[in-house]
Amino acid sequence: MNSEQRYRSTLMGMTPSPVWRRDTLAAMEAAQEKRPRLRRRPMAFAATAAALALAVTGSIWWSGRTEADPADPGVALTPEPAFTATPAPAEACNDSFDVVTNLGQLAAINPSDGHLEELTQLNVYYNPIPTEDEQRALLGQLAQALGLTVTESQWTASFGENTMGRSPTLEARCADGTQLRLNGLYALDVWDAPDLDAVHEAAQQALLQDAFSGAEGETAAPAVYESTLDAYDFDGRLRTTRITVVRDPDAPLEEQLLATAFRRIESTDSALTLYLPPTGEVLTCPLRPEAEALAAFRSGDYWGAHYTANPQQARVLQVVLEYDTGPGQPYFQPVYRILYTQDYWDAVIADRMFDGVDPSPYLGAGIAYVPALETDLQPLIPYRRYFNDGLAHHFPD
């Protein structure tokens, strides 16, 4: 891959489309006020957070190149004594995936791993569009819990019921320079903090004390689970995200799944996002079987920023259930998260890596999302996942 091809490949995944820029600029101009605007969170982190949202991931799994037991996804067998890259098919040039050095770097640390057969139904939570007053009240509570003092703020209304900007946002600057952005009533972004570790510790303590659930006092004995997600750029640079989850290991599996999504902190060296329990109405819905979700993926019917032209031959490494907390969701609902790889991705990586970077340590890993609700419910409780300004839905050929 020459320099121009690498440049174009990178822009395809990172650059918003002209339609997105036009609509966003129009909305910003319509909402602009005479007072100075708050400094926005760097787009690089915003893109990373969007890509990482919904997945509690970990690096403790297995090392080296392994075969997965098809009867027991996620269990590694003995590494092969040697590995030969499979030639990439012609259509693989459009495949998109993360680059790792260990396939376990994208494996979910998730309480449903190995327990999917225990789950036949889960709650679904409506994601309401809050008012400005509701957001300001919550932001005040959050800032106090994090030891921050808000000095100025700016509210932006929802872009619409069926858009990625469904949740209104409230941005604020604090006395110490920390920047905040509250998305709806469920996610708080924090950046430019002089001491981000202190903010992280305060957020963790607030989750341990159940400060944001609306419940009276503490709930049982929650524990803290830490993991990391590591992925590499095609120039070999490492990107690491720290995941902190607060949940009660003795609680019912359904409650642990909810806590894994909404009592969570995702952080990098420069920013973090705190996820909060949902506040909307609750529905209890039956789940489609894991086998049906896998069949949908194999047919090419799945969601996500990752894509493969050959899902029927992918090696599935892990399947778990999790709640999707991505932007634009009308309902917070469970989805099947399918971790997979392709043998031919080694050849694709070798072609895409920058000149001077040894491709041999790297592997490709993709994540597919399949709605977990029973098929008949899906038209009534729609699922959406966005990438840039478009729906990240892949259809069968």
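Scanning segment 196-220 for residues that are among the acidic types (Asp, Glu) and either modelled with pLDDT under 90 or open to solvent by less than 30 Å² (accessible area, probe 1.4 Å) (or both), which turns out farthest from Leu138 (Cα to Cα)? Explain how you work it out, then say what you get.
From segment 196-220, those among the acidic types (Asp, Glu) are 197, 201, 210, 216, 218; that's our starting set.
Filter once more, so that each one left must be either modelled with pLDDT under 90 or open to solvent by less than 30 Å² (accessible area, probe 1.4 Å) (or both): 210, 216, 218.
Details: Asp210: 14, Glu216: 17, Glu218: 19 Å.
The selected residue is Glu218.
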query = Do we find a residue being at pLDDT 95 or above and closer than 22 Å to Gln204 by Cα anywhere in segment 41-57?
reply = no
inquiry  = If I ask for residues that are under 15 Å from Ala372 (Cα atoms) and outside any strand (DSSP E or B), which ones from segment 299-331 would you list?
reply    = Asp301, Gly304, Asp324, Thr325, Gln329
query = Does segment 150-171 contain at least one residue that is surrounded by 18 or more Cβ atoms within 10 Å (Cβ to Cβ), within 22 Å of the chain's Cα centre (by Cα), free of Cβ contacts under 8 Å to residues at least 60 places away in the same chain and not in a loop (DSSP other than H, G, I, E, B)?
reply = yes
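Do you know which residues across segment 221-242 are touching a Phe, Trp or Tyr at 6+ places or on another chain (Cβ under 8 Å) and open to solvent by less than 30 Å² (accessible area, probe 1.4 Å)?
Of segment 221-242, the ones touching a Phe, Trp or Tyr at 6+ places or on another chain (Cβ under 8 Å) are 232, 234-236, 238-239.
Gly236, the sole residue that qualifies.
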request  = Looking for whichever is over 25 Å from Val124 (Cα atoms), open to solvent by less than 20 Å² (accessible area, probe 1.4 Å) and either modelled with pLDDT under 95 or of a type outside the set (Lys, Arg) (or both) here; the options are Gln342, Gln313. Which one fits?
outcome  = Gln342
ask   = Looking at this structure, is Leu274 surrounded by fewer than 18 Cβ atoms within 10 Å (Cβ to Cβ) and outside any loop (DSSP other than H, G, I, E, B)?
value = no
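Got at least one residue in segment 324-339 being open to solvent by 30 Å² or more (accessible area, probe 1.4 Å), closer than 21 Å to Leu119 by Cα, modelled with pLDDT of 95 or more and hydroxyl-bearing (Ser, Thr, Tyr)? Spell out the reasoning first.
Initially, segment 324-339 is screened for residues open to solvent by 30 Å² or more (accessible area, probe 1.4 Å), giving 327, 331.
Imposing the further condition that a residue be closer than 21 Å to Leu119 by Cα reduces the set to 331.
The next check asks that each one be modelled with pLDDT of 95 or more; those that pass are 331.
Pick out the ones that are also hydroxyl-bearing (Ser, Thr, Tyr) and you get 331.
Yes: one or more hits.
Could you tell me whether segment 86-97 includes any residue that is surrounded by 21 or more Cβ atoms within 10 Å (Cβ to Cβ) and under 22 Å from the mean Cα position of the chain (by Cα)?
Keep residues of segment 86-97 that are surrounded by 21 or more Cβ atoms within 10 Å (Cβ to Cβ), which gives 97.
If we keep only those that are under 22 Å from the mean Cα position of the chain (by Cα) as well, we get 97.
Yes, segment 86-97 contains at least one residue that is surrounded by 21 or more Cβ atoms within 10 Å (Cβ to Cβ) and under 22 Å from the mean Cα position of the chain (by Cα).
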inquiry  = I'd like to check something: does segment 181-202 contain any residue that is touching a residue at least 24 places away in the same chain (Cβ under 8 Å), at positive phi, acidic (Asp, Glu) and part of a loop (DSSP other than H, G, I, E, B)?
reply    = yes
key: Any hit, segment 288-301, residues being in contact with a helix residue (DSSP H, G or I) (Cβ under 9 Å, 6 or more places away or on another chain), open to solvent by less than 10 Å² (accessible area, probe 1.4 Å), aromatic (Phe, Trp, Tyr) and touching a residue at least 12 places away in the same chain (Cβ under 8 Å)   = yes
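The values are calculated or read from the model by the stated rules, or taken from the named source; none is laboratory data. Since the model is a prediction, treat every value here as computed from it, not as a measurement. Here Cβ is always computed from backbone atoms with ideal geometry, including for glycine, and neighbour counts include all displayed protein chains. The accessibility values were calculated without ligands, DNA or RNA, using every heavy atom of the protein model including side chains. Shrake-Rupley method; radii C 1.70, N 1.55, O 1.52, S 1.80 Å.
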